[in-house]
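Report on the structure given below.
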Amino acid sequence: MKKLIIAAALSFALAGPALAGQCPMLMGKIDEAMKTTTADEATKAKAMELYTKGKAEHEAGDHAASEASLGEAMKLLGI
């Protein structure tokens, strides 16, 4: 039982940094999409608001919230 608990704790400890790597990739996709999007100005502004929020969440270590915010921005941009 002790080994199972240690293995589970180690898995969670290693998963955090792996998930953190997803946020910069999503931000990069949004950066590229903003260069070519045909979305209206209001949609672009909302996407950038979500991008900024997601970046701040990533930097604060809240990667689940960051991915949610960045995902919403990507939906607005059609990616």
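Annotations
- Per-residue Cβ neighbour rank within 10 angstrom, fewest leading, Asp62, Asp31: Asp31, Asp62
- Karplus-based coupling profile of region 54-68, in residue order and whole Hz: x, 5, 5, 5, 4, 5, 7, x, 9, 6, 5, 5, 4, 4, 5, with θ = phi - 60° in 6.51 cos²θ - 1.76 cosθ + 1.60 and x standing for Gly or Pro.
- Here is the size of region 20-77 from its Cα atoms: Rg then Dmax, 10.6, 32 Å.
- Were the residues from Ala68 through Thr43 laid out at 0.36 nm apart, the gain over their Cα-Cα distance would be 7.3 nm.
Rule-based calculations on the coordinates, nothing more; no lab input. Note that this is a predicted model, so its numbers are computed, not measured. Methodologically, a virtual Cβ is constructed for each residue, glycine included, from the backbone with ideal geometry; neighbour enumeration extends over all protein chains shown.
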